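Asks: Okay, handing you the structure first.
The values are calculated or read from the model by the stated rules, or taken from the named source; none is laboratory data. These figures come from a predicted structure and were not determined experimentally. Positions of Cβ are backbone-derived with ideal geometry, glycine not excepted, and every protein chain shown enters the neighbour counts. Just the protein is used for accessible areas: all its heavy atoms, side chains included, with ligands, DNA and RNA removed. Shrake-Rupley method; radii C 1.70, N 1.55, O 1.52, S 1.80 Å.
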Amino acid sequence: KRTSFSLLTSMLIGLPCVAGMIIFAQPILNLLYPNASEGTLLLQLIAISVIFSILDQTINGALQGFGKIMIPAIALGIGCLVKLVLNLILLRIPVLNVYGAAIGSIACHIVAFTIVFNVLKKYVKLNLSFKKFVLKPALATGIMGVCSYTIYLLLYRINFGNKATIISIIFAVIVYLASVVALKIYNKEKYLEE
């Protein structure tokens, strides 16, 4: 139950971060690097790997708690090999170039996550339904994304400039938390009751 609760928490934290980085990639770059704001697609691609990395780290902690300390290292090693092979192939393709490295990173984290998740399922009966673990968090994230980007566009059009980005991100947090509560996703007692 505690492992399931930790994974759900990781998903609830990671998914909106990924969506926020994808949706607001250009505004964030404009805010942080006003004179060099290139790299939107690169940031969006790297953002995809974040959710797998977060879940991977959570699972690694659980596996180490069960004494399976080598599994995370082996999984990450295999992921790194996949990344190396993809880098060698994709970086040579002119149309991909540096984006090939981002794709390799995504593949690395997906492979490592898949391995440790499948190993974890052999040792632990996870209390996570697809609806609770994926669909509801995705719905809450979608609501957050649509509402916050709409606010951003409205504020940007009335010349709020970079303030539009900051206000929209704060608004996104509020909308996301409200969505999580409204969808009844997060119930600590259900997972931690003895």
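Asks: What number of residues in segment 92-104 are out of contact with any Lys or Arg (no Cβ under 6 Å at 6 or more places or on another chain) and under 16 Å from Val50 (Cβ atoms)?
Replies: Residues that pass the stated criteria total 3.
Asks: Within segment 99-118, can you find the residues that are surrounded by fewer than 19 Cβ atoms within 10 Å (Cβ to Cβ) and touching a residue at least 40 places away in the same chain (Cβ under 8 Å)?
Replies: Tyr99, Ile110, Phe117 - these are the residues of segment 99-118 that are surrounded by fewer than 19 Cβ atoms within 10 Å (Cβ to Cβ) and touching a residue at least 40 places away in the same chain (Cβ under 8 Å).
Asks: Can you tell me which condition Leu88 does not meet? The list is (1) of a type in the set (A, V, I, L, M); (2) surrounded by 18 or more Cβ atoms within 10 Å (Cβ to Cβ); (3) over 18 Å from Ile51 (Cβ atoms), and all the others hold.
Replies: (2)
Asks: Restricting segment 1-40 to residues that are of a type in the set (Gly, Ala, Ser), at negative phi and at pLDDT below 90, which is least open to solvent (accessible area, probe 1.4 Å)?
Replies: Among those residues, the one meeting the criterion is Ser4.
Asks: Say whether the condition of being at pLDDT 90 or above, among the charged types (D, E, K, R), open to solvent by less than 50 Å² (accessible area, probe 1.4 Å) and under 30 Å from Ala182 (Cα atoms) is met by at least one residue in segment 43-64.
Replies: So far as segment 43-64 goes, yes, one or more of its residues are at pLDDT 90 or above, among the charged types (D, E, K, R), open to solvent by less than 50 Å² (accessible area, probe 1.4 Å) and under 30 Å from Ala182 (Cα atoms).
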